[in-house]
Amino acid sequence: MHSITVDNSPRANVVTASGELDAYVALDLAAALAQADTGRRLIFNLTAVSFMDSTALGLLVRTVRERDERGDETRIVLPRGAARRIFEITALDVVLPISPSLGEAMD
């Protein structure tokens, strides 16, 4: 089971996901990312994600790259845990804008 929500707070657009993010939820994730990609700061909150496959990871990486090319700020909230492991294995935790908490990503 998964859920993906978009919150347009005064400081940033926040996409919050929970559960397992895999190829089966890729369309939901892509739609949420497109809805939140308005040029404002975009935060992917992955605190409650238990698993990510390469499809979901690819969507995040592509979104961050495209936003970087436009000069738009993006942060990924990824505390220590199961979902962070794939970022560490692929070394994406070093090259992507990772924050350990939503509060830090908002600053």
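Within the listed set THR55, THR74, THR90, the Gaussian network model of the chain (springs between alpha-carbon atoms below 10 Å) gives the highest mean-square fluctuation for THR90. Sequentially through region 49-55, phi angles give Karplus couplings (6.51, -1.76, 1.60; θ = phi - 60°) of 7, 9, 7, 9, 9, 5, 5 Hz, Gly and Pro residues having no value and appearing as x.
Estimated purely from DSSP H runs of n ≥ 4, each contributing -39500 (n - 2.57), the mean residue ellipticity at 222 nm for the chain is -12000 deg cm²/dmol once divided by its residues. The value of relative contact order for the chain, using C-alpha pairs under 8 Å at least six residues apart, is 25 percent.
No lab work stands behind these numbers, since they all come straight from the coordinates. Please read all numbers here as calculations on a predicted model, not as lab measurements.
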